[in-house]
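Written below as structure tokens is the structure these notes are about.
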Amino acid sequence: MTSLTITESGSGPAVLVLHGGAGPFSVAGIAEHFARTAHVLTATLPGWNGTVRPDEIDTIADLAAAYLTLLRERELHEVLVIGSSVGGWIAAEMAAQDRAGTVGGVALIDATGVWIDEAPMPDFFGLDARAIAEYSYHDPDRFYQDPADVPAAQLAVRQANMVTLRHFASDPYMHDPSLLARLSGITIPALLVWGESDRIVTPAYGAAYAAAFGNARLEIIGAAGHLPHMEQPDATFAVLDVFANQVSGTPAR
């Protein structure tokens, strides 16, 4: 089995948390929240934050297969998988691949992974830091960081993370053309959590995901963009808590 970087916290029903291009810090609040009543496994995706990306993990589908194998080797079942952005794409792919009841439900937060011609995603790799903030957040001034103010070591990590993201998600750009069709037979509960102001993957993408899954609902978070759990944590955690209780009996807070 390929070695994967996992941080564990809490006890109770198993929850796997998958970050997006921004890295593990962007889902730290989700992990902390669920660690109060669940056994949380927070992934650092291979290639992020200086971790090694093994040659055999070359695609999003490979990442999904690797995390399914990890959960099965730990004999975990009915796991709630929560994924943000690209992490949501991985979670959806895990649901599509799973045939053993390993995944009990998926919560996709502003997930990439599909494509809508009427609402094309911007070229994320071509955006500067200010534009990324404008596309990502309802309140960009609150989260924008001038790269000139970021320590050199931290900036180098961010740049390396973007290289890894480009490897996994640039061709085809940020999606798998086959994914929506492969979700049609998936009947495990699926929650689509979307920031109303997301301009990277608009709420139309959440609606497309919700229509593709066999048992899904879409929740729109107001005054939030691509990372609603960071901009509006209380509203986001409220809908996640109800869903977690539905999937695994994790008590709502």
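The values are calculated or read from the model by the stated rules, or taken from the named source; none is laboratory data. From a predicted model like this one, the values you see are computed outputs, not experimental measurements. Quick reminder, even Gly has a Cβ in these numbers, built from the backbone with ideal geometry, and neighbours come from all protein chains shown. Areas reflect the complete protein model, heavy atoms only, side chains present, ligands, DNA and RNA absent. Shrake-Rupley method; radii C 1.70, N 1.55, O 1.52, S 1.80 Å.
When only C-alpha pairs under 8 Å and at least 6 residues apart count, what is the relative contact order of the stretch 1-68, in percent?
That works out to 37 percent.
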Carbon-plus-sulfur fraction of the accessible area of the stretch 73-133, 1.4 Å probe, in percent? 48 percent
Once the dipole of the chain is set up with Lys and Arg at +1 and Asp and Glu at -1 on Cβ about the Cα centre, which of 77, 65, 127 lies farthest towards its positive end? 77
Expected field for residue 73, accessible surface area in Å² at 1.4 Å probe radius, rounded to 10, holds 110 Å²
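State the dimensionless ratio Rg/Rh of the stretch 10-49 (Rg: radius of gyration of Cα atoms; Rh: Kirkwood radius). Please list the in-between numbers first.
Values: Rg = 10.1 Å, Rh = 10.2 Å.
Rounded to two decimals, Rg/Rh equals 0.99.
Give me the percent relative contact order of the chain, please, defined on Cα pairs under 8 angstrom at least 6 residues apart. Display every interim value, and only then the final one.
Details: 523 pairs, mean separation 50.3, N = 253.
Result for the chain is 20 percent.
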Dipole of the stretch 193-253 [Lys/Arg +1, Asp/Glu -1 at C-beta], most positive-end residue of 232, 208, 221: 208
Multiplying the sequence separation of residue 131 and residue 73 by 0.36 nm and subtracting their Cα-Cα distance, what value in nm do you get? 16.7 nm
Any chance you could look up the accessible area of residue 5 with a 1.4 Å probe, heavy atoms only, rounded to 10 Å²? 60 Å²
Mind ranking 210-218, 142-150 by how tightly packed they are, going by the mean number of other C-beta atoms within 10 angstrom, highest first? 210-218, 142-150
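Evaluate E = 1/(1 + (r/R0)^6) for residue 152 and residue 28, where r is the Cβ-Cβ distance and R0 equals 25 Å; express this FRET efficiency to the nearest 0.05.
Details: r = 23 Å, r/R0 = 0.91.
FRET efficiency, residue 152 to residue 28: 0.65.
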Looking at the chain, do any whole DSSP H helices span at least 15 angstrom along their long axis by alpha carbon and average -0.5 or above on Kyte-Doolittle, and which? 60-73, 86-97, 152-169, 233-248
Mind giving me the nanometre distance, one decimal, between the label points for residue 99 and residue 3, set 7 Å out from Cα along Cα→Cβ? 3.1 nm
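In Å², what does the accessible area per residue of the chain work out to with a 1.4 Å probe? List each step's numbers first, then the result.
Working: 10410 Å² over 253 residues.
Heavy-atom SASA per residue in the chain reads 41 Å².
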Pairs of alpha-carbon atoms within less than 8 angstrom and 6+ residues apart define the contacts here; what relative contact order does the stretch 152-238 have, in percent? 26 percent
Sticking with the crude label model, points 7 Å out along Cα→Cβ, report the distance from residue 211 to residue 245 in nm, one decimal please. 3.1 nm
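As a test of reading the structure, rank 121, 162 by solvent-accessible area (1.4 Å probe, protein chains only), most first. Show your work: numbers first, answer last.
Numbers: 121 15, 162 55 Å².
Ranking 121, 162 by accessible area, largest first, yields 162, 121.
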For the pair residue 51/residue 238, report the inter-label distance in nm, with labels modelled 7 Å from Cα in the Cβ direction. 3.3 nm
The list [x] 16.7, 49; [y] 16.5, 45; [z] 20.6, 87 gives values of Rg and Dmax of the Cα atoms in Å, and only one came from this structure; which label was calculated from it? [x]
